[in-house]
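Notes to accompany the following structure.
Taken together, the values in this text are just the output of simple stated rules run on the coordinates, not laboratory data. Model, not experiment: these values are computed from the prediction. Cβ coordinates were reconstructed from backbone atoms using ideal geometry, including for glycine residues, and neighbour counts include every protein chain displayed.
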Amino acid sequence: MKVLGLTGGVGMGKTTLGALLAEQGARVVDTDVIARQLVEPGQPALPEIAATFGPRILSPAGQLLRDELARVVFSDPAARQKLEQILHPRIRHAWQQQLADWRSAGVPLAVVIIPLLFETGAEAHFHKILCAACGPASQQERLAARGWTPEQITWRLAAQLPIEHKMARSHHVIWTEGSLASTARQVELLRPGA
């Protein structure tokens, strides 16, 4: 099974690229989705996060208040590191288990979307690494459209390697600045399953 890692900056089109690769027949697992699943009520990570960051990050119903947790961890590198120590090993185990299942099933091409691929030292797990990228103005516009404040955008960007570093360390860069058709054409030209 050929395994591709897909990374890029926040708001730069990783999810869109994942969907385009899935249309070409790849199986896709998104670590952001895994991370959301791991903090659902009943999952062991949630009480560990609450014990680390206090009850203020939980709703009265016991659900994670994502915005509150983000405010805490993205404004404090030490707090972010604590959260990553709780979540990153669980996230890695989950996507590696998914790859093992697909490998057993004879799947020819798999893609793992990992925003922090380089930051977590995951490069060795992939045959090739793709990077979704766009210009800073488009990135800011996309993140603002999500309802993020300029401060939130600054915090999130500071938590990741600069996109130039990710681009330089990737095998292929997909420029997501233009139309969806343009992005799809770049994915087709890659022939990721070949």
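Points worth noting:
- Amide N proximity, the range 140-176 versus K2 label position 7 Å along Cα-to-Cβ, cut-off under 19 Å: 170-175
- 3J(HN,Hα) from dihedral phi, the range 16-29, Karplus parametrisation 6.51/-1.76/1.60, rounded to Hz, x for glycine, proline: 4, 4, x, 5, 5, 5, 5, 4, 8, x, 6, 8, 10, 10
- The separation of the range 130-172 from the range 37-107, counted between C-alpha centres, amounts to 21 Å.
- Dipole of the range 2-190 computed with +1 at Lys/Arg Cβ and -1 at Asp/Glu Cβ about the Cα centre; of G25, W175, P115, farthest Cα towards the positive end is G25.
- For the pair Q97 and Q140, label points projected 7 Å from Cα toward Cβ lie 4.2 nm apart.
- Mean residue ellipticity, 222 nm, helices only, the chain: the sum of -39500 (n - 2.57) across DSSP H runs of n ≥ 4, divided by residue count and rounded to 500, is -16000 deg cm²/dmol.
- DSSP beta bridges confined to the range 2-190 are antiparallel in about 5 percent of cases.
- Note on Q43 and R169: the model spin-label points, each 7 Å out from Cα along the C-beta direction, lie 2.4 nm apart.
- Modelled FRET efficiency - R0 25 Å, S59 with A124, Cβ distances, 0.05 increments: 0.05
- Derived scalar couplings ³J(HN,Hα) [the range 146-161; Karplus, 6.51 cos²θ - 1.76 cosθ + 1.60; whole Hz; x for Gly, Pro]: 7, x, 7, 7, x, 5, 4, 4, 4, 4, 5, 5, 5, 7, 10, 4
- Close amide-amide hydrogen proximity is noted between L58 and L65, each under 5 Å apart and 5 or more residues distant or on a separate chain (H modeled in the peptide plane; Pro and chain starts excluded).
- Amide H partners (placed H, <5 Å) of L6, local residues excluded: V112, I113, I114, L130
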